[in-house]
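To start, the structure itself, in structure tokens.
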Amino acid sequence: MTELNWETLAQKPGLVLRRSGRFLVADLLTPHDVLSTSVRNGGYIQGARYLLNHQSCEGAAHHVRHRLMTEAGLERYHDEVCAEASLPAEATVMMGTAANMNYAALVATDDDGVEVIAVVTAGVEGNATCAGDPATWRETQAGIQKVPAYAGTINTILLINTPLTASALARVVVTMTEGKSAALARLAIPSRQSMDLATGTGTDQYCVAAPAAGPRQLTSASTHVKLGELIGVAVRNATLEALRWQNGLEASYTRGVFHALGRYGLRENTFFDDIAGLLNDADLELLRKNSKSVLFEPLVGAAAYAIAAVLDRVRYGTLPAAVARDAIVQQAATLAASLAGSPDRWPEFRSALHASTPGPCGPGDADGAKEVVLAAIALGWREKWRSR
């Protein structure tokens with residue numbers, strides 16, 4: 001077995017955080033209470049000495065590795081991975097992911113002697129979901145019908161330097177999950193299963209650890225108390241940083257129309273085919289050569305997000321379906337006027353879009369909304385360089 005060369009990422013009283021290749025380990029040097037999703041040693045235990053996160057496979061088409069996990073069984077797989085990392089399987093809790101350990105993000109927060117460290121690996125390109133989305137398997141008396149892993153998991157190691165009551169330790173999971181979902185909301189990550197924004201992925205995992213004994217014991221991890229704030233900030237910011245490295249999801253890059261409206265059918269891989277019938281050859285070719293500056297233009301992005309917000313609010317019942325078309329066309333006119341650089345022509349563009357896109361835009365009508373958006377982009381682009 002190849003000897004691993006470990007890099008120390010953090011060293012604190014009671015723990016050391018280290019990384020080597022596909023493995024990231026928190027060594028618990030003193031007794032800790034641990035709560036985790038680990039297949040083996042999972043749930044609440046007091047004897048864990050190591051928290052292990054590892055890259056278990058590549059994000060797509062890694063069938064050999066997938067067979068290793070499914071055919072050997074996850075408990076045996078736990079033992080094999082621990083052996084690779086030179087860790088005792090019986091004292092280790094483990095998480096697996098397709099994410100690269102070199103993209104792990106570490107964020108520490110503290111207040112009045114209480115410190116929280118969040119270490120997050122994250123990927124959302126293939127597996128982001130919203131709680132309540134349609135599931136892809138069920139557990140029955142006959143077992144679970146397994147499906148190949150998706151490319152996306154958010155794994156969180158959360159290290160707290162102060163003892164917690166059992167109820168506070170359980171509450172940590174709620175606050176930690178809200179922090180993760182807050183990061184996804186900031187980036188407007190779409191679900192891959194529905195038109196909703198994602199709240200996580202279908203394979204998210206965590207390990208939470210706090211000392212078993214100490215001079216004081218905290219009783220709450222609610223967002224109303226400082227510990228909850230520390231957890232929320234650390235997990236949110238570490239998740240944002242991990243997604244920046246793993247998926248390139250820096251906040252300003254999410255301003256484009258595809259990110260704003262992809263869940264409503266506006267896709268980069270079909271965009272030029274979709275809009276081709278609305279532009280002449282010269283205008284289409286010019287758009288192809290300047291697409292980044294057009295489709296990531298800030299005011300165009302702002303209008304695209306406004307359209308997405310209208311569509312969401314109609315689906316959720318905040319706005320009546322009867323106003324959906326008018327509301328979308330109004331925002332689409334703003335998109336066209338922004339793209340053309342002619343805000344004074346908004347009434348003209350609104351009238352033109354009403355006339356050229358007579359179809360419905362009701363709840364869940366992604367095709368109708370997409371038609372209006374394409375028409376608005378084409379109109380704004382045609383008019384940008386046209387002499388008046």
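The values are calculated or read from the model by the stated rules, or taken from the named source; none is laboratory data. Because the structure is a prediction, the values reported are computed rather than measured. Using ideal geometry, Cβ is built from the backbone for each residue, glycine included, and neighbour counts are taken over all protein chains shown.
Couple of notes before you dig in:
- Checking every residue in segment 162-177 against the condition of being closer than 30 Å to Ile307 by Cα and surrounded by fewer than 22 Cβ atoms within 10 Å (Cβ to Cβ) gives at least one match.
- Of the residues making up segment 91-118, those that are surrounded by 21 or more Cβ atoms within 10 Å (Cβ to Cβ) and within 19 Å of Leu243 (Cβ to Cβ) number 8.
- Members of segment 163-176 found to be over 17 Å from Ile45 (Cα atoms) and touching a strand residue (DSSP E or B) at 6+ places or on another chain (Cβ under 7 Å), listed by number: Met176
- Residue in segment 366-374 that is assigned to a helix (DSSP H, G or I), more than 17 Å from Arg267 (Cα to Cα), charged (D, E, K, R) and within 32 Å of the chain's Cα centre (by Cα) present: no
- Of all residues in segment 278-319, those that are of a type in the set (Ser, Thr, Tyr) and crowded, with 16+ Cβ neighbours inside 10 Å total 1.
- Test: residue in segment 203-224 that is charged (D, E, K, R), over 30 Å from Asn41 (Cα atoms) and modelled with pLDDT under 95: no
- Filter pass, Val233 being farther than 22 Å from Leu52 by Cα, touching a residue at least 12 places away in the same chain (Cβ under 8 Å) and not acidic (Asp, Glu): yes
- The set of residues in segment 205-247 being among the basic types (Lys, Arg) and not in a helix (DSSP H, G or I) consists of Arg216 alone.
- Pairing residues of segment 11-39 that are in the same structural domain as Glu58 (by TED's automatic domain parsing) with residues that are part of a loop (DSSP other than H, G, I, E, B) and of a type in the set (Ser, Thr, Tyr), at Cβ distances under 6 Å and at least 6 apart in sequence or on separate chains, gives Gly14/Thr30.
- Condition met for Ala183 (buried (at least 20 other Cβ atoms within 10 Å of the Cβ) and either modelled with pLDDT under 95 or among the small types (Gly, Ala, Ser) (or both)): yes
Conditions tested, residue by residue: (1) assigned to a helix (DSSP H, G or I); (2) in contact (Cβ under 8 Å) with a residue 40 or more places away in the chain; (3) outside the structural domain of Leu261 (by TED's automatic domain parsing).
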position: Lys292; (1), (2), (3): yes, no, no
position: Arg313; (1), (2), (3): yes, no, no
position: Val329; (1), (2), (3): yes, yes, no
position: Leu353; (1), (2), (3): yes, no, no
position: Pro358; (1), (2), (3): no, no, no
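- Criterion violated by Ile275 - all others in (1) of a type outside the set (Gly, Ala, Ser); (2) crowded, with 17+ Cβ neighbours inside 10 Å; (3) assigned to a helix (DSSP H, G or I); (4) under 23 Å from the mean Cα position of the chain (by Cα) satisfied: (4)
- Candidates Leu52, Leu29: the one that is surrounded by 15 or more Cβ atoms within 10 Å (Cβ to Cβ) and either touching an Asp or Glu at 6+ places or on another chain (Cβ under 8 Å) or at pLDDT 95 or above (or both) is Leu52.
- Taking segment 1-49 as the range and being of a type in the set (A, V, I, L, M), touching a Leu at 6+ places or on another chain (Cβ under 9 Å) and not in a strand (DSSP E or B) as the test, the residues that pass are Leu29, Val39, Ala48.
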